[in-house]
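Read the structure below first, then the notes.
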Amino acid sequence: MPDQVLFAMEVMLNGLMAGVLYALVALGFVLIYKASGIFNYAQGVMALFSALTLVGIMEGQVPFSHLINAIFGTDIHHFGWHVPALVAIILTIAVMILFAWLVQKVIFRHLVNQEPILLFMATIGLAYFLEGFGDLMWGSEIKRLDVGLPQGINEWIDLTTFEAFGYGFFIDNLDISATIVAIFLVAGLIVFSQYTKQGRALRAVADDHQAALSVGISLNFIWVLVWSVAGFVALVAGIMWGAKSGVQFSLSLIALKALPVLMLGGFTSIPGAIVGGLIIGVGEKLFEFLIGPMVGGATENWFAYVLALVFLVFRPQGLFGEKIIERV
Amino acid sequence: MKLTTLTIAAVMAAGPVMADLVFPSLSYRTGPYAANGIPFADGYEDYFTLLNERDGGIGGVPIRVLECETGYNTEKGVECYESTKGEGALVYQPLSTGITYQLIPKATADGIPVHSMGYGRTSAKNGAVFSNIFNYPANYWDGASHAVTHILNENGGDISGTKIALVYHNSAYGKEPIRTLEELSAKHGYEFLPIAVDHPGQEQKSQWLQIRQQRPDYVLMWGWGVMNQVAIQEAANIRFPMDKFIGIWWSGSENDVLPAGAGADGYKALTFHNLGKDFPLYDDMQKYVVDAGKAAGAGDQLGTALYNRGMYAAMLAAEAAKKAQEISGVADITPAQMRDGMEALEITEELMTEIGLPNFGPTFSVSCENHGGNGLGAVAQWDAGAGKWSLITDYYQSDQDIISPLVAEDSAAFAAESGITPSCS
Amino acid sequence: MFYREAGDFSTTYPQDSQTFPIKFDRYRYYVVLVIAFGIIPFIINDYWANAVFVPFLIYAIAAIGLNILTGYCGQVSLGTGAFMAVGAYSCYKLMTAFPEVSMLIHIPLAGLITAGVVTIFGLPSLRIKGFYLAVATLAAQFFLVWLFNKVGWFYNYSASGQISAPQRDVFGIIVTGPNTAAWAKYMICLVFVTICAVLARNLTRGTTGRTWMAIRDMDIAAEIIGVNPLKAKLTAFAISGFFVGIAGALFFSVYLGAAEVGESFGIDKSFLVLFMIIIGGLGSIFGSFAGAAFMVLLPVFLKNVFVGWLGWPTDLAAHLQFIISGGLIIIFLIMEPHGLAQLWRVAKEKLRLWPFPH
């Protein structure tokens, strides 16, 4: 095969992998939007915050040490212990559940039945708050995140493809683990929503709030639940992205990568998020590979949005979105 | 630092105005680039604290550092500039490209010098046009040339037929070296391959696949923020030889290499100052500042690349202030006198040894025609095992034949656009 | 006591339908104008102009622009930052291409160019609605930023990629460039704000505004009663773009003096302006001002309190500033979802009856 075709195939495979990572972020949005109609802009900051918390717990950092030191003149930074990754992850999940409960209790309980745009703005306010709070709690330096995920080129794929085509494909081990995790996560979510009582309640709420309420489902509980699950998804996304770049402020910007995925897949569909992620991943990588060199490169950011926009013009509710029925 | 003491200090500062030398520090300890802003701001402030504690200031006049948080945001930078300039600020280190461009006309009109050390507008080297802007000891175009010279030296002076890629942040900053590298490519006959990374640079798969497919012999990087960490990680992932990967000085701090762990071993970065804390001055710093509990920030940044850069900036500012006191004969200098001091600044090896920083930076001298020093720089390499940077070359000069005409051209364009008549009186 | 309709008779239709039908309101409006035009220019200094008034006035124009689109016509846009960039870059090109022409012509021209560009990006709104549209405007945001960064023509091929405002004047008074006096900066922004506000106010209560509001409230119903959605939506995009373009032009030429597209007109700017209109109040000109004032003043105020008075370390102060801004936004949304403008309305209602509520 000619080199260009092989290169394009390699780019496409990597695009699929990147798409999985985008889909991971987009999943969190979909869950919350489906259950409560809130477009949660803070999802990216939640990924940052959960990853910060995870590293902080693993390294035994003292929360708010900077503030404490400034007020009391002490000089404390670390507890001096290291927590194993798995325990730290469980503790972080507990923190995210607490966070979900607080968000529900303090903010969104008071905003029931408001217009979507106001809910959206409230989540941006939440994002601001969490940004400052996370930095204050754990400090703003770049932290290394190592939960034991393999990184770097996958030897086996490299060798196999080299023998087959004469050119070894590059696939990052981290991306492979992300894909596996994503498969388990989605499978888990499907099992949860299809076969558990809470899951069924959740689907009922997503279908019709009032009907769900009238058969005795506690909306409050469902919303806390769904924010907790979104917090968990954010943690997974935070680990995957944070393993690559270290845990730092920019992690909150991955939300911007998820938005075109949402548009494309529809705000309300979990399969949509996955398929949308894959399409965006492959689309933007291939465009950068084929057209990028002609126009000077760095096209990925806008191309993802333009691609989604083109899809939307033909299907205004996204690929898998529910048909929008409008009545006067 | 205790809040109470700070409050008292603030109250005292608000009292009767005493003669002091004001050095504003437009720091960014928050926001997306905080990890880089903290060590720089700490180093800048600590050096002045040291001078205050040990020597009682500069020429007997105490120093006051006015810190103002910009968060790397241009608008906050404007606010910081306006709120500090009335206090008699002697020199601004704007730190962000946006704020620098902002301040170039403003500070010139207000008669306050700006020192953009290793960033900002490269053609500000031409002091005949940019009377109040200084960018010694080195600029981006010098950096591009340093990298190419380093590659030349490694290959016995012949790099025709090699391929050099540039991975750059897709912004004005990232595009700075392209012109120089193109000119140098024509001169030395290497193939030049620019690869843009969009802000913020969290996702760089396409770019590094391109590098993997095109197989350049060397990769240069003009990156900033998260882009650096991801690029180094991706380079390690595709097993690009790290000693053929050279970053600009803003891609060469501990923050950039640590997240990639052992994979970053051998990565090179350009620099215009020395690294580590193996200097006599650090003993004083430990004694007068850190042990006395007067360190800015947490006091854990001593000796990191960016801390040293901040300290170096403060050192150059303090030496320029001394020079200004010498020229004007007054101890309590004005910004205009400070400007003259900066223009007459001369850094020699003896001077640096006397300060306690032997071989810390290149030797250079500033004149009206040349606000940018002599274009000397060096290459540093990261040792992941030992966890430190060290210089692997001496300071050497950039290719002035290429850079001087570029500087002249760009400064002339600016002069024409803003109606400045270049002059050196 | 003084805030009464009683005794304030309208004898003609124009009197009845004026912007401030109550005498007290009218006088208050005149007093504000007198203070703004007659007193502040004489006492303003560099700090107040550059840190408070100029950004406030410019953001007010941008907020009015976005409010027309989002508040009156119901089309959520997250492309404001890039649309301001269109204004800024057209202004730069005009300033450097025609140096002898007055800024009073360049700035509205920049607004017109922006109006054209925004209308093109408004076309998808005919098919896409709600959040899908908001995300679609992000395509404009990213694409335009990329374009201005990529194509050298926009920044006159300068080696730095930055645009810097050269010195230009209006009737012999320098309004751009480093030698501008504080009052001149303030005045040129004030003049544009006043014109824009009056224009917007009159547009929104006329036919155009009514068709916008019909579209906002329910576009299908509006279509049935004979509102042309194509025309209504596109005029909203165009007029909003005109205001945002003026704001962008002023932002670059008068306020910053130098700009780079990614740094000055990034997505943060889009969110900031959206915040302003939501905090201020959707569908209210007064709200645009109130929101702009709130978002510009709050950080400056908090910074001065924490760092200036309490002497806290600047980074702690900045973190707290984030926490407080975020918290205040949430509190506002919970307490008064319709923004500061609604608070103002409620206060006025109360004042009418005060001191005898029942």
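What follows is calculated from the coordinates using simple rules that are stated; it is not laboratory data. No experiment lies behind these values; they were computed from the predicted model shown. All Cβ positions, even for glycine, are placed from backbone atoms using ideal geometry, and neighbour counts span all protein chains on display.
So, counting K/R as plus one and D/E as minus one, what does the shell of residues with Cβ under 14 Å around residue A:125 add up to?
Values: positive: none; negative: A:131, C:336.
With Lys, Arg at +1 and Asp, Glu at -1, the net is -2.
Just counting partner chain Cβ atoms within 10 Å, what average do the residues of peptide A:129-139 show around their Cβ?
Working: counts 9, 3, 7, 11, 6, 3, 10, 8, 1, 0, 6.
Going residue by residue through A:129-139 and averaging, the value is 6.
Kirkwood hydrodynamic radius, the range B:140-271, all distinct C-alpha pairs: what's the number in Å?
After inverting the mean inverse Cα-Cα distance, the result is 14.4 Å.
Under the Kirkwood approximation applied to all pairs of distinct alpha-carbon atoms, what is the hydrodynamic radius of the range C:1-117 in Å?
Working: mean 1/r = 0.0558 Å⁻¹.
By the Kirkwood definition, the hydrodynamic radius is 17.9 Å.
For residue B:106, go through the aspartates and glutamates and keep the ones whose alpha-carbon is under 15 Å away, minus same-chain ones fewer than eight residues off.
List returned: B:75, B:79, B:82, C:46.
Students often get this wrong, so check it: of B:125/B:187; B:163/B:268; B:85/C:303, which have C-alpha atoms separated by over 21 Å? Could you put the intermediate results ahead of the total?
Details: B:125/B:187 23 Å; B:163/B:268 18 Å; B:85/C:303 17 Å.
Those over the limit are B:125/B:187.
Taking 7 Å along the Cα-to-C-beta vector as the label spot, tell me the residue B:409-residue B:334 distance in nanometres, rounded to one decimal.
In this crude label model, residue B:409 to residue B:334 measures out at 4.0 nm.
Please report, to one decimal in angstroms, the Kirkwood hydrodynamic radius of the range A:1-93 built from all distinct Cα-Cα pairs.
Values: mean 1/r = 0.0590 Å⁻¹.
By the Kirkwood definition, the hydrodynamic radius is 16.9 Å.
Taking every residue in B:76-85, how many Cβ atoms of other protein chains lie within 10 Å of its Cβ, on average?
Values: counts 5, 1, 7, 10, 3, 4, 9, 9, 1, 2.
For this peptide, the per-residue mean of nearby foreign Cβ atoms is 5.
Looking at chain A, how many pairs of lysines come closer than 21 Å at the Cα, when each pair is eight or more places apart or spans two chains? Working shown, then result.
On the way: A:34/A:105; A:34/A:197; A:34/A:257; A:34/A:323; A:143/A:244; A:244/A:257; A:244/A:285; A:257/A:285.
Going through chain A pair by pair, I get 8.
With N denoting the number of residues in chain B, provide Rg(C-alpha) divided by 2.2 N^0.38 Å, to two decimal places. Intermediate values should be presented prior to the final figure.
On the way: Rg = 21.0 Å, N = 425, 2.2 N^0.38 = 21.9 Å.
So chain B has a normalised radius of gyration of 0.96.
For labels at residue A:176 and residue A:220 in the simple 7 Å Cα→Cβ model, what's the distance in nm?
4.8 nm
Place a label point 7 angstrom from the Cα of residue B:300 along the Cα-to-Cβ direction, then list the residues of the range B:245-260 whose backbone nitrogen is under 19 Å away.
Of the residues in the range B:245-260, B:253-260 have backbone N under 19 Å from the label point off residue B:300.
Which order, highest average first, do A:4-11, A:52-59, C:90-97, B:273-280 follow once you tally other Cβ atoms within 10 Å for each residue and take the mean per peptide?
With the highest mean Cβ count within 10 Å placed first, the list reads A:52-59, C:90-97, B:273-280, A:4-11.
Rounded to the nearest 0.05, what FRET efficiency is calculated for residue B:424 and residue B:359 with R0 set to 35 Å and r the Cβ-Cβ distance? Could you put the intermediate results ahead of the total?
Values: r = 31 Å, r/R0 = 0.90.
Taking R0 as 35 Å, the efficiency between residue B:424 and residue B:359 is 0.65.
Based on DSSP H runs of at least 4 residues, each adding -39500 (n - 2.57), what is the mean residue ellipticity at 222 nm of chain A after dividing by all its residues, to the nearest 500 deg cm²/dmol? Show your work: numbers first, answer last.
Numbers: 14 runs with 230 residues, N = 328.
It lands at -23500 deg cm²/dmol.
For an R0 of 22 angstrom, estimate the FRET efficiency from the Cβ-Cβ distance between residue A:194 and residue A:102 and round to the nearest 0.05.
Details: r = 29 Å, r/R0 = 1.33.
Efficiency, rounded to the nearest 0.05: 0.15.
In the protein assembly as shown, what percentage of the DSSP-assigned beta bridges are antiparallel, given to the nearest 5?
The answer is about 40 percent antiparallel.
What are the lysines whose alpha-carbon lies under 26 Å from the alpha-carbon of residue B:287, with same-chain residues fewer than 8 places away excluded?
Straight-distance partners of residue B:287: B:2, B:277, B:322, B:388.
With springs connecting C-alpha atoms under 10 Å apart, model chain A as a Gaussian network and identify which of A:236, A:313, A:25 has the largest mean-square fluctuation.
Of A:236, A:313, A:25, the Gaussian network model singles out A:313 as fluctuating most.
Setting aside same-chain residues fewer than 8 positions from residue B:244, which aspartates and glutamates have a Cα under 17 Å from its Cα?
Within the straight-line cut-off, residue B:244 pairs with B:154, B:158, B:191, B:217, B:234, B:256, B:265, B:383.
Tally Lys and Arg at +1 and Asp and Glu at -1 over the other residues with C-beta under 15 Å from the C-beta of residue C:3: what net charge comes out?
Values: positive: C:4, C:23, C:26, C:28, C:345, C:348, C:350, C:352; negative: C:5, C:8, C:25, C:349.
Result for the neighbourhood of residue C:3: +4.
Once you keep just the Cα pairs under 8 angstrom separated by 6 or more residues, what percentage relative contact order results for chain B?
Numbers: 847 pairs, mean separation 87.3, N = 425.
Contact order relative to length: 21 percent.
Can you tell me the equivalent ellipsoid semi-axes for the range A:3-314? Use √(5λ) from the Cα gyration tensor, largest first, whole Å. Please list the in-between numbers first.
Numbers: eigenvalues 213, 147, 69 Å².
Here the semi-axes work out to 33, 27, 19 Å.
Return the calculated 222 nm mean residue ellipticity for chain C, to the nearest 500 deg cm²/dmol, obtained by summing -39500 (n - 2.57) across DSSP H runs with n ≥ 4 and dividing by the residue count. Spell out each step's value before the answer.
Details: 16 runs with 229 residues, N = 358.
That calculation yields -20500 deg cm²/dmol at 222 nm.
What is the P(r) of the protein assembly as shown, as percent of Cα-Cα pairs per 20 Å bin from 0?
Once binned at 20 Å, the Cα pair distances of the protein assembly as shown give 12, 43, 36, 8, 0.
For chain B, what is the calculated [θ] at 222 nm in deg cm²/dmol (nearest 500), taking -39500 (n - 2.57) for each run of four or more DSSP H residues and dividing by its residue count? Numbers along the way, then the final one.
Working: 14 runs with 181 residues, N = 425.
Dividing the helical sum by the residues of chain B leaves -13500 deg cm²/dmol.
In whole Å, what are the extents of chain C along the principal axes defined by its C-alpha atoms, from largest to smallest?
Projected onto its principal axes, the Cα set of chain C covers 70, 56, 45 Å.
Less than 15 Å Cβ to Cβ from residue C:299, Lys/Arg counted +1 and Asp/Glu -1: what total charge do the surrounding residues give?
Values: positive: B:76, C:269, C:303; negative: A:131, B:69, B:75, B:79, B:82, C:268, C:315.
Around residue C:299, the charge tally is -4.
Starting from the amide H of residue B:67, placed 1.01 Å from N in the peptide plane, find each other amide H under 5 Å away whose residue is 5 or more places distant or on another chain.
So residue B:67 has HN proximity to B:25.
Could you identify which residue out of B:411, B:27, B:160 has the top mean-square fluctuation in a GNM of chain B using Cα springs shorter than 10 Å?
So, out of B:411, B:27, B:160, the one fluctuating most is B:160.
Partner chain Cβ atoms within 10 Å, averaged over the residues of C:330-336 - can you pull that number for me?
On the way: counts 14, 5, 3, 10, 10, 1, 0.
So the per-residue partner count for this stretch is 6.
Just to be sure I understand: with springs between alpha-carbon atoms less than 10 Å apart, which residue in B:206, B:390, B:116 has the highest mean-square fluctuation in the Gaussian network model of chain B?
Taking springs between Cα atoms under 10 Å, the residue moving most is B:206.
Computed FRET efficiency, Cβ-Cβ of residue B:191 and residue A:8, R0 25 Å: what is it to the nearest 0.05? Walk me through the numbers before you get to the answer.
Details: r = 22 Å, r/R0 = 0.89.
The computed FRET efficiency comes out at 0.65.
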